[in-house]
1. If you go through segment 354-385 one residue at a time, how many are surrounded by 12 or more Cβ atoms within 10 Å (Cβ to Cβ) and either assigned to a strand (DSSP E or B) or touching a helix residue (DSSP H, G or I) at 6+ places or on another chain (Cβ under 7 Å) (or both)?
2. Could you list, in sequence order, all residues of segment 125-156 that are surrounded by fewer than 16 Cβ atoms within 10 Å (Cβ to Cβ), free of Cβ contacts under 8 Å to residues at least 60 places away in the same chain and either at positive phi or touching a strand residue (DSSP E or B) at 6+ places or on another chain (Cβ under 9 Å) (or both)?
3. Cβ-Cβ below 6 Å, separation at least six or inter-chain, first residue in segment 205-229 and more than 28 Å from residue 278 (Cα to Cα), second not in a helix (DSSP H, G or I): which pairs?
4. Examine segment 231-249 for a residue that is within 30 Å of residue 36 (Cα to Cα), in contact (Cβ under 8 Å) with a residue 40 or more places away in the chain, part of a helix (DSSP H, G or I) and touching a helix residue (DSSP H, G or I) at 6+ places or on another chain (Cβ under 9 Å), and state whether such a residue exists.
5. As an exercise: evaluate residue 460 against (1) on the phi < 0 side of the Ramachandran plot; (2) buried (at least 17 other Cβ atoms within 10 Å of the Cβ); (3) under 24 Å from the mean Cα position of the chain (by Cα) and give the number of the one condition it does not meet.
6. Taking segment 481-495, which residues are buried (at least 17 other Cβ atoms within 10 Å of the Cβ) and either at pLDDT 90 or above or more than 19 Å from the chain's Cα centre (by Cα) (or both)?
7. Output the residues belonging to segment 57-96 that are outside any strand (DSSP E or B) and surrounded by 11 or more Cβ atoms within 10 Å (Cβ to Cβ).
């Protein structure tokens with residue numbers, strides 16, 4: 001067994017290391033909660049995932065915007081060569097086989113534009129074609145369409161471009177709000193990691209302080225035991241307190257190391273840095289009425305944007321089902337100039353008009369209720385979406401009511417926790433003095449210590465709740481109630 005003198009030396013060494021670490025921590029870099037949130041919103045993996053997701057939405061929106069701009073294109077085939085025996089029909093109506101040895105080349109230049117007003121596509125193009133016949137009767141023929149204007153519309157009655165102009169900007173706005181919401185979620189997660197480490201750090205400091213005081217009391221009691229003023233049972237209980245304190249120091253030290261590692265990994269802090277955390281003491285309460293928070297949520301929240309987006313998408317499905325399952329028309333029209341000639345310069349002499357108009361229609365005569373069921377299914381889906389949106393709106397309102405109530409009441413709870421901590425610490429110091437004078441038992445002293453530790457941990461928990469409520473309300477409303485402004489976030493994306 002370890003001798004008492006040696007055990008005392010070990011305890012003194014632990015206490016000395018604690019004092020030394022406290023001295024060194026004064027020289028460490030102190031990371032505040034606000035700085036930790038800023039680092040997480042700039043360097044963490046969650047930040048990178050959020051920005052990548054937002055960047056994908058940016059490209060999707062820019063792709064939508066580009067689809068309504070004129071598109072200039074050039075395509076062709078140079079050449080399409082074929083040498084084969086093919087079946088052809090003679091002017092007499094008879095079929096025969098002939099050897100064909102020829103090449104066909106084509107080149108098209110045009111500009112195409114989607115028409116949002118009607119849902120069709122208009123294009124202006126120019127084309128040049130050439131046929132080369134090889135063999136004994138070598139020939140070259142050209143044909144061209146110097147100018148052609150075309151319009152095509154797949155269906156009359158349903159305009160997909162009209163729905164895109166409503167849905168795509170709303171979807172991009174939802175992505176923008178989702179990014180801000182995700183940043184506030186990262187802030188809330190940072191609070192959890194920050195206070196996990198802060199609580200572990202505080203428990204370690206408390207256990208070290210308790211060990212130092214338990215050892216001091218045990219040393220004093222051992223001297224008084226020799227004088228006969230302390231009972232052996234009390235001496236044994238104090239020794240047991242020292243052993244329990246040593247075990248608690250070991251456990252809390254391990255917990256503090258693990259919490260520190262998790263915090264550093266979340267913020268991607270560089271290894272080798274010396275840093276510590278501080279308890280945020282400067283807490284400012286701003287009264288947040290429930291109706292005001294709900295108004296900001298309805299104006300800024302991503303959920304509200306998503307409600308509108310889901311409703312529009314369901315309405316689009318209904319409109320498409322009604323248009324696709326009734327009388328359908330399609331239109332295709334073309335007007336231009338064309339010519340054919342054996343030489344390229346002669347192509348532009350005596351140009352001929354070229355027109356083409358097609359109006360198609362389709363109407364179901366007997367579909368065994370297929371069109372009706374598709375329409376009714378789309379309408380049922382719209383009704384379901386409406387009900388889900390109404391339910392989620394009520395849930396959002398209830399959530400905001402709950403958190404605003406907790407926030408407005410937490411000012412008093414935090415003040416009580418702070419006063420409880422101060423009283424418990426002062427009471428423990430007084431109980432130590434009373435114990436040394438023999439006025440209370442060791443059980444009373446242990447109860448005072450437990451009360452002091454509980455009150456200290458309770459205060460840190462109350463501070464944690466303050467910041468959790470703070471970021472929860474910011475996330476729900478996307479509004480900064482301290483600065484009286486909407487929360488925005490500029491992501492570093494490729495321009």
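The values are calculated or read from the model by the stated rules, or taken from the named source; none is laboratory data. Only a predicted model underlies this, so the values are computations on that prediction, with no experimental measurement involved. Cβ: placed from backbone, ideal geometry, glycine included. Neighbour counts: every protein chain shown.
1. Here the count works out to 9.
2. Answer for segment 125-156, where residues must be surrounded by fewer than 16 Cβ atoms within 10 Å (Cβ to Cβ), free of Cβ contacts under 8 Å to residues at least 60 places away in the same chain and either at positive phi or touching a strand residue (DSSP E or B) at 6+ places or on another chain (Cβ under 9 Å) (or both): 132, 133, 134, 135, 138.
3. From segment 205-229, the pairs are 221/230; 224/230.
4. Taking segment 231-249 first, the residues within 30 Å of residue 36 (Cα to Cα) are 248-249.
In the following step, the residues that additionally are in contact (Cβ under 8 Å) with a residue 40 or more places away in the chain were identified as 248-249.
Going one step further and asking which of them are part of a helix (DSSP H, G or I), we end up with 248-249.
Next, from what is left, pick out any that are touching a helix residue (DSSP H, G or I) at 6+ places or on another chain (Cβ under 9 Å): 248-249.
Yes, because at least one residue in segment 231-249 is within 30 Å of residue 36 (Cα to Cα), in contact (Cβ under 8 Å) with a residue 40 or more places away in the chain, part of a helix (DSSP H, G or I) and touching a helix residue (DSSP H, G or I) at 6+ places or on another chain (Cβ under 9 Å).
5. The single condition residue 460 does not satisfy is (3).
6. 481, the sole residue that qualifies.
7. Filtering segment 57-96 for residues outside any strand (DSSP E or B) gives 57-70, 90-94.
Scanning segment 57-96 gives 57, 58, 59, 60, 61, 62, 64, 65, 67, 68, 70.
Each row is one residue, and each column tells you yes or no for (1) without any contact (Cβ under 8 Å) to a residue 60 or more places away in the chain; (2) within 30 Å of residue 143 (Cα to Cα).
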{"residue": "335", "(1), (2)": "no, yes"}
{"residue": "354", "(1), (2)": "no, yes"}
{"residue": "364", "(1), (2)": "yes, no"}
{"residue": "387", "(1), (2)": "yes, no"}
{"residue": "391", "(1), (2)": "yes, no"}
{"residue": "398", "(1), (2)": "yes, no"}
{"residue": "403", "(1), (2)": "no, no"}
{"residue": "420", "(1), (2)": "yes, no"}
